[in-house]
1. For segment 158-247, would you read off the P(r) tail past 20 Å as a percentage of all alpha carbon pairs?
2. Given the options 208, 174, 189, identify the residue whose Cα lies farthest towards the positive end of the charge dipole of segment 158-247 (+1 on Cβ of Lys, Arg; -1 on Cβ of Asp, Glu).
3. Could you compute the net charge surrounding residue 223? Neighbours are other residues with a C-beta less than 15 Å from the C-beta of residue 223; K and R count +1, D and E count -1.
4. Give, as a single signed number, the net charge of other residues whose beta carbon lies under 14 Å from the beta carbon of residue 123, with Lys and Arg counted +1 and Asp and Glu -1.
5. Cut-off 10 angstrom, C-alpha nodes, Gaussian network model of the chain. Which of 84, 234, 69 fluctuates the most?
6. At 7 Å along Cα-to-Cβ for each site, give me the label-to-label distance between residue 57 and residue 2 in nm.
7. Which value, in Å² rounded to 10, gives the accessible area of residue 199 with a 1.4 Å probe and all protein chains present?
8. Working out 0.36 nm times the residue gap between residue 195 and residue 140, then minus their Cα-Cα distance, what length gain in nm do you get to one decimal?
Amino acid sequence: MKTIELQLDRSYYTRLAIMGAMTGFPAFGLGYMAITVPVLPLLLFAILPLGLWGGVTLLEYRRGAKALDEEGVTRRDGKRFLWDDLQKIKLVYMPLKYGKGALNHAELHFSTGQSRIFPRIVDRGWEAILWAKRMEVERKAAAQSSAAAPEAQKRKTFDLCSICSQLKEVEFGFQKHGREDENTFLPDVSKSLQFVHDIKPGQTRSPSLLQCSECDTYYLYEIEYEYLATGSEDGQRLTRLTANDALQYL
Ligand SMILES: [Zn+2]
């Protein structure tokens, strides 16, 4: 069974140390004052933020996902949730003044509880979020067509995939009216990719997100059209996306 183990990366400990120092120094200062000037409330003021920070950190840590497999998620505190109980995946972005910032974490809501994945502090975090997303999509599809359970397929990476192995990282097509003999096209195999959705819905010639049905690799499909008096030009570009890049288009 395929499993994704989420190891905390060094940046987590760095962040922990910085946050600890930020709350620890004032607490230490206040604590010292409380000893020299024995005032109990002062001591409480010193301990409270440190305790609160410690508590929140510990809670966050314990609720973080430790491993993902084909059946579910195991949290660091040992609690286990099954994909069959998955209700939704909420992506939480860093707030920015204008628009949304980078992805901070993904919340996996199960009917039995929730777990989080922080892609910036665990290695393979992006992969894990995409995995969870795929489980969500698969469960939804299965719920919609409960008839004929799809055959469990062995998932492969793109280089071993019969479709993707025939596609380069970036593929181009270019056609010019009146110069048909010089036209180039995307490889025929690209037609086997499944349309996921438009990235800018409503916009003419929106780029779209495609996915390989065999190995789940995502692609960005962009089209360009230029009207020229000498003959219009059509261009297509198909780019293979890494798990990290695909996430922003989901
Ligand atoms: Zn593929």
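The values are calculated or read from the model by the stated rules, or taken from the named source; none is laboratory data. Bear in mind the structure is a predicted one, so any value in this text is a computation, not a measurement. Cβ coordinates were reconstructed from backbone atoms using ideal geometry, including for glycine residues, and neighbour counts include every protein chain displayed. Just the protein is used for accessible areas: all its heavy atoms, side chains included, with ligands, DNA and RNA removed. Shrake-Rupley method; radii C 1.70, N 1.55, O 1.52, S 1.80 Å.
1. Summing the P(r) tail past 20 Å for segment 158-247 gives 39 percent.
2. The one lying farthest along the dipole's positive direction is 208.
3. My count for the surroundings of residue 223 gives -2.
4. Around residue 123, the charge tally is +1.
5. Greatest mean-square fluctuation among the candidates belongs to 234.
6. 3.5 nm
7. Counting only protein heavy atoms, residue 199 exposes about 40 Å² to solvent.
8. 18.1 nm
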